[in-house]
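The values are calculated or read from the model by the stated rules, or taken from the named source; none is laboratory data. Bear in mind the structure is a predicted one, so any value in this text is a computation, not a measurement. Please note: Cβ atoms are built from the backbone with ideal geometry, for glycine as well, and neighbour counts cover all protein chains shown.
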């Protein structure tokens, strides 16, 4: 590790790779020249994203993912702090060290930093795996509700709302599915998924 690379490490931030966001709220209905036409019998639309963003179980899952993400970030931050202390100490002393001494003291610090980077990336992948698993579980819970609403509205075709440029709001099943899902399940909890760590010499996943 060179004098320049020590400075770069001191300036570098370290955070979890990956997002804990579970679902984004649906965009507001467009005003003005909205494309609204006659209601076509048998044609229905649904926004799964809006179901997840508004159903109580989706909100609970999002809160849990945020909690798990904060816990993982706190773990990384706690391990980063002593490394940064040692890096700053070495930075302060480097002018008085020979290149060989600097190299000897830098290598262990670089190895610790690299290990922490790998751990942060692993935690990010674990949070993402947790999000995907939770999403799948809620989707399984929602599917019978979707089928029930689909049948009760006498739908013959079901389109994803986000793919449409316009349509009659009366064809939208989203609110009814949210209501039905809320009646079925309102909360959820789950642990963070555990994934195997990469070997020390393996290239980092991007």
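Could you pull out the residue among 121, 111, 139, 115 that is out of contact with any strand residue (DSSP E or B) (no Cβ under 9 Å at 6 or more places or on another chain), under 30 Å from residue 183 (Cβ atoms) and assigned to a helix (DSSP H, G or I)?
After ruling out the rest, the residue left standing is 139.
Looking at region 152-180, which of the residues that are touching a strand residue (DSSP E or B) at 6+ places or on another chain (Cβ under 7 Å) and assigned to a helix (DSSP H, G or I) is nearest to residue 38 (Cα to Cα)?
Once the filter is applied, the top-ranked residue is 171.
Taking region 56-101, which residues are over 21 Å from the mean Cα position of the chain (by Cα) and in contact (Cβ under 8 Å) with a residue 40 or more places away in the chain?
79, 80, 84, 87, 88, 90, 91, 94
Which one of these does residue 204 not meet: (1) in contact with a helix residue (DSSP H, G or I) (Cβ under 7 Å, 6 or more places away or on another chain); (2) under 30 Å from residue 118 (Cβ atoms); (3) modelled with pLDDT of 95 or more; (4) loosely packed, with under 14 Cβ neighbours inside 10 Å?
If we test residue 204 against (1) in contact with a helix residue (DSSP H, G or I) (Cβ under 7 Å, 6 or more places away or on another chain); (2) under 30 Å from residue 118 (Cβ atoms); (3) modelled with pLDDT of 95 or more; (4) loosely packed, with under 14 Cβ neighbours inside 10 Å, just (3) comes out false.
Could you figure out which of (1) at pLDDT 90 or above; (2) more than 16 Å from the chain's Cα centre (by Cα); (3) farther than 27 Å from residue 49 by Cα; (4) buried (at least 19 other Cβ atoms within 10 Å of the Cβ) isn't true of residue 120?
Here residue 120 clears every test but (2).
Which of (1) under 16 Å from residue 199 (Cα atoms); (2) without any contact (Cβ under 8 Å) to a residue 24 or more places away in the chain does residue 118 not meet, given it meets every other one?
Residue 118 satisfies all of (1) under 16 Å from residue 199 (Cα atoms); (2) without any contact (Cβ under 8 Å) to a residue 24 or more places away in the chain except (2).
Quick check on region 186-197. Is at least one of its residues under 26 Å from residue 45 (Cα atoms), at pLDDT 95 or above, out of contact with any helix residue (DSSP H, G or I) (no Cβ under 6 Å at 6 or more places or on another chain) and surrounded by 11 or more Cβ atoms within 10 Å (Cβ to Cβ)?
Within region 186-197 (the criterion being under 26 Å from residue 45 (Cα atoms), at pLDDT 95 or above, out of contact with any helix residue (DSSP H, G or I) (no Cβ under 6 Å at 6 or more places or on another chain) and surrounded by 11 or more Cβ atoms within 10 Å (Cβ to Cβ)), the answer is no, since none of the residues qualifies.
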